[in-house]
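Inspection log for the structure reproduced underneath, given as structure tokens.
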Amino acid sequence: MAAKTQPTDVDPAAYCAGLPTARRREEGARLLALFGEATGTEAVIWGPSIVGYGEDPSPTPGGDTWPRVGFSPRKASISLYGLQGVPGAEELLARLGKHRLGAGCVYVNGLADVDEEVLAALVALAWRHGEG
């Protein structure tokens, strides 16, 4: 059975520009720049709402793929993917700012709650770890 979340042809910049609130539109644009710089690669929209970078085996059974790192600027909070479980991530997460952890996700209410330099370092660390 194929994963529901697959890469699409949706333009990531247009997706972020179309977010429902000015705050999320601005945060989406900042995250596009931050993740793009940290990974050195182009974003791809996965499913209806995940801005992903790279591709790795899915963390769930089935042999599907999933973005190596990514984000989703959802209404309630921003979901950050692929940033846990790599050597050195815990130390950076401790310095990130206000966040909570979920199964494979880091949730932040908004970028004002986190240190964007620490977030960029965390994204770069997770990206480099995935290349090994």
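The values are calculated or read from the model by the stated rules, or taken from the named source; none is laboratory data. Quick caveat: nothing in here was measured; it's all calculated off a predicted structure. No Cβ is skipped: glycine too gets one built from the backbone with ideal geometry, and neighbour counts run over all protein chains shown. Quick note on the areas: whole protein, heavy atoms, side chains included, nothing else; ligands and nucleic acids left out. Shrake-Rupley method; radii C 1.70, N 1.55, O 1.52, S 1.80 Å.
Some notes on this structure:
- Remark: spin-label model distance D9-K75 equals 2.9 nm, labels positioned 7 Å along the Cα→Cβ axis.
- Helix-only mean residue ellipticity at 222 nm for the chain, each DSSP H run of n ≥ 4 adding -39500 (n - 2.57), per residue, nearest 500: -11000 deg cm²/dmol
- Along the chain, the longest continuous region that contains none of the trypsin sites (Lys or Arg not before Pro) in a DSSP loop with at most 14 other C-beta atoms within 10 Å is 5-73.
- Extension gain for the segment E91 to R23, taken as residue separation times 0.36 nm less the Cα-Cα distance, is 21.6 nm to one decimal.
- Each of the GluC sites (Glu not before Pro) that DSSP puts in a loop and that has at most 16 other Cβ atoms within 10 Å breaks the chain; the longest unbroken stretch is 56-130.
- Remark: spin-label model distance E55-D115 equals 3.6 nm, labels positioned 7 Å along the Cα→Cβ axis.
- Local electrostatic count at E27 - Lys and Arg +1, Asp and Glu -1, tallied over other residues with Cβ under 15 Å: +3
- Translational diffusion coefficient (Stokes-Einstein; Kirkwood radius from C-alpha pairs) of segment 9-132 at 20 °C, 1.002 mPa s, in µm²/s: 149 µm²/s
- Carbon + sulfur, % of accessible area of the chain - ligands and nucleic acids excluded, 1.4 Å: 55 percent
- With all protein chains kept in place, the per residue accessible area of segment 20-127 amounts to 48 square angstrom at a probe of 1.4 angstrom.
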